[in-house]
1. Name every residue in the range 205-225 that is assigned to a helix (DSSP H, G or I) and over 15 Å from Q144 (Cα atoms), in order of residue number.
2. If Q251 satisfies all but one of (1) at pLDDT below 95; (2) surrounded by 13 or more Cβ atoms within 10 Å (Cβ to Cβ); (3) in contact with a strand residue (DSSP E or B) (Cβ under 9 Å, 6 or more places away or on another chain); (4) not aliphatic (A, V, I, L, M), what's the number of the condition it fails?
3. Only one of N28, N33 is closer than 29 Å to V193 by Cβ, of a type in the set (S, T, N, Q) and over 30 Å from the mean Cα position of the chain (by Cα); which?
4. Give all pairs with beta carbons closer than 7 Å in which a residue from the range 226-241 that is at positive phi and surrounded by fewer than 23 Cβ atoms within 10 Å (Cβ to Cβ) meets a residue that is in a loop (DSSP other than H, G, I, E, B) and at pLDDT 95 or above; count only pairs at least 6 apart in sequence or on separate chains.
5. Can you name the number of the only condition in (1) surrounded by fewer than 19 Cβ atoms within 10 Å (Cβ to Cβ); (2) touching a helix residue (DSSP H, G or I) at 6+ places or on another chain (Cβ under 7 Å); (3) assigned by TED's automatic domain parsing to the domain that holds E314; (4) of a type outside the set (D, E) that P153 fails?
6. Of all residues in the range 202-212, how many are of a type outside the set (V, I, T) and buried (at least 18 other Cβ atoms within 10 Å of the Cβ)?
7. Across the range 42-77, which residue is nearest to the chain's Cα centre (by Cα) among those that are polar (S, T, N, Q) and buried (at least 18 other Cβ atoms within 10 Å of the Cβ)?
8. With the range 241-326 as the region, which helices (runs of 4 or more DSSP H) entirely inside it contain at least 1 residues that are closer than 16 Å to C210 by Cα?
Amino acid sequence: MELYHINFAEDIPVYRQLVDVIRAHIKNGELKNGTRLPTVRDLAKELSVAQGTVKRAYDELGKEGLVDKAQGRGTFVSYRPVDPDSRKERAMAAIDTMLDTLESMNFSITETKIYLDLKLRDRESQQENLKIGVIECNPEVLEQIGSQLRKLPFVDLYNHLLGEVLDYPYQLAEDMDLIITTAVHAEAVESAVGSHKKLARIAIGLRPRCVSQIVKLPADANVGILCGSLRYGELLQKACHTYTELSRLPQPELLDDLPDIRAFLKDKDAVLLPENYETYCSAKTRQQLQEYSRQKLLIPCSYQIDEGSFMYVEEKIQRLWSKRKI
């Protein structure tokens, strides 16, 4: 039964994999409305899993309204794609019925407009935010651009590391209203999530205040780089190559890999590290870095979405929000 294939090597519960697989086949039309699914016993036997696992998956699909259980007959697909024309006709009919009711209660057109406007504003205030997925290859940049996007209205952010998305996309395109990633990763993300319509490509760069400190480093300075991930360390190393004439480029070191931070700091004239470095080190390391900063140069570095990309994302979110309110 290829339709119900699962991968036991995945670090994802089997029932959840089964839900995802069946849901996908229902939504793409391979399992059409009215199709009878295998019995719990038959599918459990076919997949070599417990019957309780299959039952749980069917129960989840039932809660989503994708299948119906008919006592004594089995489990059937109950999903019908929404016909836009049909929705419009039903909406117009519902509005006509409401207007007829209000007219019979002797409300004028002006009064009806006022009450409708009040109700729409009330519904708008209760409306759920847009779900925005942000994908980046290292945790430092992911958090830094996430903090920038979090300031936008109408959004709930969901951060995802690129590696995790590539390993298991988990219906990301279906769950999110918009997926934001850097242009460097856009092709890989699009291939993984299977959708380009929801993808927004952004460009990022080191914040100007960080650059202004880095460019002042003298060529003979002994500079260190500390990071939470080596990918971020490589970005800071590239920044040193771009903005300085250092005779020796610093090698990145992971914050949690240094048994003795004082030994690392001892001969350093300056240290570059993530702006939110506190989240990647122990309290003891944090204290020693703060002591170092009183005598030497500590440069907290942060990346941001460039102005053009940020405006593009703002406009895209505003359009999505306006469309949802219609």
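1. V211, S212, Q213, I214
2. (2)
3. Testing whether each residue is closer than 29 Å to V193 by Cβ, of a type in the set (S, T, N, Q) and over 30 Å from the mean Cα position of the chain (by Cα) leaves just N33.
4. Listed by first residue and then by second, the contacts come to nothing, as the list is empty.
5. So the condition that P153 fails would be (2).
6. Qualifying residue count for the region: 2.
7. My answer is T53.
8. Here the list reads 283-293.
The values are calculated or read from the model by the stated rules, or taken from the named source; none is laboratory data. As the structure is a prediction and not an experimental result, all values here were calculated from the model. Neighbour counts are summed over all protein chains in view; Cβ atoms, including those assigned to glycine, are modelled from backbone coordinates with ideal geometry.
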